[in-house]
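Undergrad: There's a structure below that I have some questions on.
The values are calculated or read from the model by the stated rules, or taken from the named source; none is laboratory data. Everything numeric in this text was worked out from a predicted model, so none of it was measured. Ideal geometry is used to build each Cβ from the backbone, glycine not excepted, and the neighbour counts take in all protein chains shown.
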């Protein structure tokens, strides 16, 4: 697969901004697929509504819903939860599932263009064909039509949770996900890098190794390592040598220490210990503090009712000083195998 056009977003001056840059809004897809939270989807909504309420303090929240009945029900439930409905926009955009980070649009910006914002619509195949995705794949185009924005289609599989950027030319990802044969089997690492450069508008791609235990995305980077400013990442560590996450996270930390960003500098690295392992029905779940979401109003961190929660919030508060760091319980949410970052996609302000 090769590029056939010179009109890629990067060549036109667009880039994918860092998450801490000002948002126009946050996009969500309201949870409805009981198969994602088998036996307990009803338990997630108080926490999900608290997430919406926190985001809405600083920006509009756009929510994809499957039909008019759901639209009416969601509006009623959000009112009950004390959410300011003036900050909520509900759109009948049917989805298979709730993971808007992966099926939602990637918004790129170019402040000097007459069209300052565009959408990149990556292909999405349900994390390597594990889950149905025929509705999810339509979401970026539907949002592009709603907002009257140009939509670019690279034609390869990519998920928002597979990458993170510093907004200054550097992108970080994992080999275990993007080089997995269930994503783009016809592409080699260098070819995938070309797509990342051209459709995220970055100059340097940094590759980590494996993800964490229980992550069915094949190792999304947003569960292990995240930029918190243009020079700094937080990365998860597992101090318990007998835990399955100890070695892969140590290998990623060692790799980070040797890396150089697009500007040639090393990253500052803040280490955050993993939470106590979270199990449900004998299944290890991908509980991680790295799956935080940086909204205009706060950094929203998943917490898991354990002693490490306080440590994670304190470390993130030291790294991100321009907005509060707020923990919202993710113990029920994580049964769906994702948390706050997986559920959300930022739309930048231009």
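Undergrad: Could you give me the residue pairs with C-beta distances under 9 Å whose first residue belongs to the range 209-234 and is at positive phi and assigned to a helix (DSSP H, G or I), whose second residue is surrounded by fewer than 24 Cβ atoms within 10 Å (Cβ to Cβ) and modelled with pLDDT under 95 wherever it lies, and which are 6+ apart or on separate chains?
TA: Cβ pairs passing all conditions: none.
Let's see how each residue does on (1) modelled with pLDDT of 95 or more; (2) more than 19 Å from residue 138 (Cα to Cα):
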position	(1), (2)
6	no, yes
24	yes, yes
31	yes, no
46	yes, yes
59	yes, yes
89	yes, no
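Undergrad: In the range 300-343, how many residues are surrounded by 18 or more Cβ atoms within 10 Å (Cβ to Cβ) and closer than 15 Å to residue 45 by Cα?
TA: 13
Undergrad: Okay, moving on. Name the single residue, out of those in the range 332-342 being farther than 11 Å from residue 294 by Cβ and touching a residue at least 60 places away in the same chain (Cβ under 8 Å), that is nearest to the chain's Cα centre (by Cα).
TA: 342
Undergrad: Please pick out the residue among 72, 62 that is within 22 Å of the chain's Cα centre (by Cα) and not in a loop (DSSP other than H, G, I, E, B).
TA: Every option except 62 fails the conditions.
Undergrad: Only residues that are touching a helix residue (DSSP H, G or I) at 6+ places or on another chain (Cβ under 8 Å) and on the phi > 0 side of the Ramachandran plot: list them for the range 299-312, please.
TA: Within the range 299-312, no residue meets the criteria.
Undergrad: Being outside any strand (DSSP E or B) and over 18 Å from the mean Cα position of the chain (by Cα) narrows it down to one residue among 181, 140; which is it?
TA: Selected residue: 181, the only one of 181, 140 that is outside any strand (DSSP E or B) and over 18 Å from the mean Cα position of the chain (by Cα).
Undergrad: Could you identify the single residue in 96, 7, 35 that is under 21 Å from residue 220 (Cβ atoms) and assigned to a loop (DSSP other than H, G, I, E, B)?
TA: Step by step, each of 96, 7, 35 is checked, and only 96 is under 21 Å from residue 220 (Cβ atoms) and assigned to a loop (DSSP other than H, G, I, E, B).
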